[in-house]
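Read the structure below first, then the notes.
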Amino acid sequence: MNDPIQPLKITLILLIVSEGFWLLSRLLSVVGLEIYSLLPSALYNLIGMLSNVLMIVLFVLLIRLIGRLQLKP
């Protein structure tokens with residue numbers, strides 16, 4: 001039986017990194033430095049899509065884990 005926790009850990013770490021990027025971007029915009037002006041727009045959009053995909057993957061993994069926990073006696 002494969003371990004459902006390891007992919008969940010990896011997804012959570014990647015999601016924390018992605019959300020950290022967005023937090024840093026917003027914090028820097030408060031002081032007047034816009035990250036999206038430093039990065040190509042395609043890369044900035046790719047990071048945004050990665051964040052959305054990671055969130056969806058996290059939810060799918062959590063649903064699978066809940067299903068496995070409900071099958072336990």
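Key figures
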| item | result |
| --- | --- |
| Relative contact order (%) - the chain, alpha-carbon pairs under 8 angstrom, separation at least six | 48 |
| Gain in span if fully extended, E34 to I63, counting 0.36 nm per residue against the direct Cα distance | 6.8 nm |
| For the chain, fraction of C-alpha pairs farther apart than 14 Å, in % | 68 |
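A short reminder: the numbers here are calculations on the coordinates, not readings from a lab. Every value quoted in this text rests on a predicted model; they were computed, and no experiment measured them.
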